[in-house]
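This report refers to the structure that appears directly beneath it.
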Amino acid sequence: MAQQAIITVKDLVKHYGDFKAVNGISFEVFEGEIFGLLGPNGAGKTTTLEIIETLRQKTSGSITVDGFDIERDTDSIKQRIGVQLQAAGYYPNLNLAELIDLFSGLYGVQVSPMEMLEKVALTDKAKAKYKDLSGGQKQRFSIATTLINNPRIIFLDEPTTGLDPQARRNLWELIRQIRDGGTTVVITTHYMDEAEELCDRVAFVDGGHIIGIDTPDHFIDELVASGFERKKQVKAANLEDVFIAKTGKEWREG
Amino acid sequence: MTSKNYSNFRATMAIAKASLRSTMRSPSAVVFTLAFPLIFIVVFANVGGAGVSVDVAVAKNSDTTNAVYQALKKNPMIRLVKGLSNEDITKNLAKGSLDASIELKPQQPMKPIGLTVQYSKASTKGEILKSTLNNIFYKIQSSVYEKINSFSGMKIPDVIDLKETTITGRKHLYIDFILPGQLGFSLLSTGVFGTAFVFLNLRQNLVIKRFFATPVKGYSIIGGEMLARIIFGLAGALIIILTGHYLFGFTLIHGFVTVLNMLVLSIIGLLIFMGFGFTVSGIAKNESSIPPLANIITLPQFLLSGTFFSTSAFPAWLRSLSDVLPLTHLNNAMRKVAFEGAGLGDVTHQLLILLLWGIAAYAVAIKIFKWE
């Protein structure tokens, strides 16, 4: 796979006082892939993302995003990326169409709010307030706001946390569509089944270090080759498959 | 999308538009900016408009054809209350809810008019009735003397030669006092509460953090929010001024020009009060800590800055305190502009003190304000 790197992170370090949140991380994200940053809470995933998103200062190291240096070309980078933050809210008392309108002003682009909402199947909620949406709708709306400036890369920080299986699958589908449209996706998650299903490549982060980067398939094959065996016999389906089979694939709105 | 084409102006306007939409849908903003000031204006305009009134009970069986009764009835200051029993009259006089009572005996030709008047220790307004009655007696006596004069030809010399004139002038209504005060209060609430709540809310819900993932600049966010609050505050000011003028006769000496001057003063006031709001948003840890902090700033000014009553009634030590507060000077400037027809050049003393407050407010706000 001779692919071109769209994000290059070299020896990234971030200290908060004495605490080393990120301790010398290096990786590349290839153009057009879904790249997963995986790891337990406090591993440094969100900090790493926020430094690449230009929201936080790094302590040392170098990062280029789509050819731009993180220190010198902050504004150019901001115009080329879309960011979904963990637990971010939106301007109060505005409906979804008005929020899209606001963001198009912030990005300095002209978009039709209805077209943006159509991309995430929320046109019928155009007049609804963000706080009145279901969990899955909220995440889809957040993703819509990342697409407003037609970005080269979008960053999604735990987009499926707290969603039911239907909403989660629905969101995977949306993320794949975005990738297929030519946008690179960087995602963090706690769910390994999600990473296995969705990500083209994943990096494991722990204690501020990267402990491995590869495709999910390679990681699994490698582990199996080392003689690993699951304690429980693997069946052809798991409980989530049962859940989906019994409750249906179509997605329920809250 | 190149960085050259990015418009900070457009981003600022987008925030101003969003903030204005949001504010107009927020019940508390509308209540504090418009509803409260208008309610106070309606209440106090009516209290003030009626002037002093003396409640006088008329005892049952009183002769209402009596000349004294007719004269009292014509006096706008005297409110005659009929139909109360003697017991009720005594009870209400003791409480002070009646100022006096009067019993008028049937009038008979060539006999003195029989009157029984009761005053109340609980009310000081009995004195007004007393002097009104004396005035009536004097007039009745004079007409009796005149009659005697015309029959007897005997000349009784006038003791007093009274000439009364009233200088015509602008009528200073209570609304002329209360409206500028309420306008100041409205601007203070919008500036302090509005700004503090918005920035705390945007900071806590990571709305600002999400904004900073776009190319928007910090000054665009601040500028847009301030612009929205100025537009909202001015719209409120205009509604208050026009309601006062057309419904309650609030004096606008030079009409439109006076309104413009008042709006300029409103902007100056808002700018200063927003500085307080930024500071409060920086100190407050959460939403419930905003009201106490904001009240520390707004309540003393509400009470001591001549919002409801003139500070000239205060004892000297209290007046020196109110002379320090910015709202006092905004209120004074507003009154001078509206009622005396002063231009902005005539209120430079007030503007200078407001400028000092503005510098102080923003010096503190810049130190304390937090983005995250």
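The values are calculated or read from the model by the stated rules, or taken from the named source; none is laboratory data. Note that the structure is predicted; figures quoted are calculated from it, not measured. Neighbour counts are summed over all protein chains in view; Cβ atoms, including those assigned to glycine, are modelled from backbone coordinates with ideal geometry.
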Any idea which residue in segment B:41-66 is nearest to the other protein chains (Cβ to nearest Cβ), counting only those that are crowded, with 19+ Cβ neighbours inside 10 Å and assigned to a helix (DSSP H, G or I)?
-> B:41
How about segment B:11-40: which of its residues are under 19 Å from residue B:231 (Cα atoms), surrounded by fewer than 16 Cβ atoms within 10 Å (Cβ to Cβ) and more than 14 Å from chain A (Cβ to nearest Cβ)?
-> B:31, B:35, B:36
Residue in segment A:92-104 that is modelled with pLDDT of 95 or more, part of a loop (DSSP other than H, G, I, E, B) and either within 11 Å of another protein chain (Cβ to nearest Cβ) or touching a Ser or Thr at 6+ places or on another chain (Cβ under 7 Å) (or both) present = yes
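Condition check ((1) within 14 Å of chain A (Cβ to nearest Cβ); (2) charged (D, E, K, R); (3) under 15 Å from residue B:270 (Cα atoms)) across all residues:
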{"position": "B:174", "(1), (2), (3)": "no, no, no"}
{"position": "B:203", "(1), (2), (3)": "yes, yes, no"}
{"position": "B:207", "(1), (2), (3)": "yes, no, no"}
{"position": "B:224", "(1), (2), (3)": "yes, no, yes"}
{"position": "B:236", "(1), (2), (3)": "no, no, yes"}
{"position": "B:240", "(1), (2), (3)": "no, no, no"}
Check off (1) in contact (Cβ under 8 Å) with a residue 40 or more places away in the chain; (2) more than 20 Å from residue B:351 (Cα to Cα) for residue B:255 and give me the number that stays unchecked.
-> (1)
The correct count of residues that are surrounded by fewer than 21 Cβ atoms within 10 Å (Cβ to Cβ) and either in contact with an Asp or Glu (Cβ under 8 Å, 6 or more places away or on another chain) or among the aliphatic types (A, V, I, L, M) (or both) in segment B:210-225 is 1
Restricting segment A:69-88 to residues that are assigned to a loop (DSSP other than H, G, I, E, B) and crowded, with 18+ Cβ neighbours inside 10 Å, the one farthest from the other protein chains (Cβ to nearest Cβ) turns out to be A:70
Residue check, residue B:198 crowded, with 23+ Cβ neighbours inside 10 Å and within 14 Å of another protein chain (Cβ to nearest Cβ) | yes
State whether the residues of segment B:22-38 include one that is in a helix (DSSP H, G or I), touching a helix residue (DSSP H, G or I) at 6+ places or on another chain (Cβ under 9 Å) and not assigned by TED's automatic domain parsing to the domain that holds residue B:231.
-> no
Per the filter on segment A:41-55, residues under 17 Å from residue A:27 (Cβ atoms) and either outside any loop (DSSP other than H, G, I, E, B) or within 14 Å of chain B (Cβ to nearest Cβ) (or both) are A:45, A:46, A:47, A:48, A:49, A:50, A:51, A:52, A:53
